[in-house]
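Read through the structure below, which is laid out as structure tokens, and then see the notes.
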Amino acid sequence: MLELDAVQTLALAGLTLFLGYALCRAIPVLSRYNLPAPVIGGLVVALAVLVAHTQDTTLFTLDTSLQTPLMIAFFTTIGVNASVALLKISGRQVLLFLALASGFAVVQNLLGILVATGFGLHPLFGVLAGSTTLTGGPATGLAFAPLFEEAGVAGAESVALASAMAGIVCGGLIGGPVVTMLIRRFHLRTPEPTPDATVAAIAAVADGGDDPAPDEAAREFGALKSIVVILVAMWLGSWVSAGISATGLTLPAYVGAMLVGALIRNIDDRTGWIGLPVRTTDLIGNICLALFLAVALMNLKLWELAGLATPLLVNLALQVLIVALFCGVVFRLMGRDYDAAVMGGGFIGFMLGTTANAMAVMRTLVERYGPAPRAFLVAPLVGAFFIDFTNALVITGFINFWH
């Protein structure tokens, strides 16, 4: 049995990541449905651990002390990249789409609670298998898993993985067909291309302080700014989280850092004091996320899923059904046009999986039916930047109600 320290655990996580990327390249279906490479690699290791467990063997012990800092760092970058200016520029469409997504996250949890109660499980099992892992994806599911364990949901990390993975697959499978039915039923056509100043303005805000062609020194300084801002937000955020927890609220460790990151970003938008490079911050966040997922998945105990397969499958089937039906509501409220239909495909993608799912579903549709510029403006903003905030509030509310 290998006994790995924190650095060795991180090194194994890196090797696990490369395994996942290799498998995604070698097996086209994995890429087609946007299954994250860190999840694939981590799942292979977790399956190997499961096989060893059935033989009463332990392959390794991990020091996961870096898992939480990596998770907090990723969600901090989400906060740093969440600009209020984006909401102001994009206006009513993004706000409406965000309201629909946030409201539907509540519906996902209520449905999950009904299923869990029907099977005699803890009600929070339904929240974990609801918006926590479907709207939130594997990162949010694993981040909240310790809180669900404390609240009485056994095997929360394994449940989070199973639910998130199944949601990603379903989101990739049903988004295209559902929207295709809308397009054909209402005889929708792509709009004529017109110059859109709003798109240009949003791109400028999203780019933040990025230099389109920086030299080596500028790149290094930009990376240093991002790293320092992330670390400072994590530092101050720990105090914010401690203060909120002192009030009796149960919330994940990253919330304080995410809020501080958002505050820093929006102060910088108004003052320009820091000039935060958004692309660099996003890159750092993606690396932290990949390593966090790999470490978390390597440490999973998949045998804890025994007996939970049926509730998970019933819940998933019902969740897929209601999101497909709700896509019609999204279509009507977002304008009843071609862009609104494509937006519905994106809605299905990230409400069951990840933003990558949403983008893949929408790309498939526009390749066949033509451009949908408004959809590609609204859906990524909500899926990548803002839904994590509102979903965290929704999940925290349900946990505190039942804890």
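The values are calculated or read from the model by the stated rules, or taken from the named source; none is laboratory data. This structure is a prediction, so every number in the text was calculated from the model and none was measured. Counting neighbours? That spans all protein chains shown, and the Cβs are built from the backbone with ideal geometry, glycine included. To get the accessible areas, we keep the full protein, side chains included, count just its heavy atoms, and leave off ligands, DNA and RNA. Shrake-Rupley method; radii C 1.70, N 1.55, O 1.52, S 1.80 Å.
Below is a table of values for the structure above.
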{"quantity": "Cα radius of gyration and Dmax for the stretch 76-187 (Å)", "calculated": "16.6, 51"}
{"quantity": "For peptides 35-48, 97-110, sequence by mean Cβ density within 10 Å, most packed first", "calculated": "35-48, 97-110"}
{"quantity": "Per-pair calculated FRET efficiency, R0 = 41 Å: residue 266 and residue 187 via Cβ, rounded to 0.05", "calculated": "0.45"}
{"quantity": "Mean separation of Cα contacts under 8 Å (6+ apart) over length of the stretch 1-50, as relative contact order %", "calculated": "37 percent"}
{"quantity": "Net charge over other residues, Cβ less than 12 angstrom from the Cβ of residue 186 (K, R count +1; D, E count -1)", "calculated": "+4"}
{"quantity": "Alpha carbon centroid spacing (whole Å) that separates the stretch 129-144 from the stretch 1-42", "calculated": "19 Å"}
{"quantity": "Label zone at residue 242 (point 7 Å along Cα-to-Cβ), backbone N below 15 Å, the stretch 59-88", "calculated": "none"}
{"quantity": "Accessible surface of the stretch 218-277 [probe 1.4 Å, protein heavy atoms]: carbon and sulfur percent", "calculated": "73 percent"}
{"quantity": "By accessible area with a 1.4 Å probe, ligands and nucleic acids excluded, highest first: order of 301, 225", "calculated": "301, 225"}
{"quantity": "Rg(Cα)/(2.2 N^0.38 Å) for the stretch 222-272, N = residue count", "calculated": "1.23"}
{"quantity": "Heavy-atom accessible surface of the stretch 80-173: percent carbon and sulfur, 1.4 Å", "calculated": "71 percent"}
{"quantity": "Average accessible surface area per residue within the chain, 1.4 Å rolling probe, Å²", "calculated": "43 Å²"}
{"quantity": "Sequence of 270, 184 from largest to smallest accessible area, 1.4 Å probe", "calculated": "270, 184"}
{"quantity": "Sequence ranges 241-251, 6-16, 120-130, ranked by mean other-Cβ count within 10 angstrom, highest first", "calculated": "120-130, 6-16, 241-251"}
{"quantity": "Exposure rank, largest accessible area first [74, 18; 1.4 Å]", "calculated": "18, 74"}
{"quantity": "In nm, spacing of pseudo-spin labels at residue 110 and residue 29 (7 Å Cα→C-beta vector)", "calculated": "3.7 nm"}
{"quantity": "FRET E, pair residue 393, residue 149, Förster distance 25 Å, beta-carbon r, rounded to 0.05", "calculated": "0.75"}
{"quantity": "Segment residue 52-residue 313, extension gain: residue separation times 0.36 nm, minus the distance between their alpha carbons", "calculated": "91.3 nm"}
{"quantity": "Cα-projected label distance for residue 61 with residue 22, points at 7 Å along beta-carbon direction, nm", "calculated": "2.9 nm"}
